[in-house]
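Student: Take a look at the following structure, please.
Read the figures in this text as sums done on the coordinates, not as results from a lab. These figures come from a predicted structure and were not determined experimentally. As a convention, Cβ positions derive from the backbone with ideal geometry for all residues, glycine included, and neighbour counts pool all protein chains shown.
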Amino acid sequence: MRGLVVFATVVVVGAAYGLYELKYEVEHLEDRLRSLNGGIADSRDAIEVLRVEWSYLNRPEYLQELATQYLDYQPIAATQVAEIDRLPFRPFDRDENELDSIDGVPVPRDKPSRAPLIGGDQPGAAARMVAYHLATGERR
């Protein structure tokens, strides 16, 4: 009987110690959870502030102001619009100064390209070929 009392005492003391440790571990984890939830709330607030700033900076009038301040864009004039059938086909081997304007509307020049060229040795050759085939209905 005395052995049973000693065994029961050891079990009760062990259980009490275990519950004591468990209680403080749970408190520590709850503190950590509160800290993480606070961090999440702070992050959500920061995201909301960034969304508001993004909306503010993407206002059309603000973007227009920045565009006129930093970009050299001009409004499109009515004389710059032409019908597609009035645009001549540019040959592949055209002279540099051959076609500068159509009815006073400047024609953009081909820009140098770093990409490999398709359909010829000149920049824009592939686009001209596609435009030609679309205009004539011809297929390869």
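Student: Provide the net charge surrounding Ala67, with neighbours chosen by a C-beta distance below 13 Å and charges set as Lys +1, Arg +1, Asp -1, Glu -1.
Tutor: Overall, the nearby charge balance is -2.
Student: A further question on this structure: If you average over every viewing direction, what projected area does the convex hull of the Cα atoms of segment 2-69 give, in nm²?
Tutor: 5.9
Student: With each label point set 7 Å from Cα along the Cα-Cβ vector, what nm distance links Asp72 and Met1?
Tutor: Inter-label distance under the simple model: 10.9 nm.
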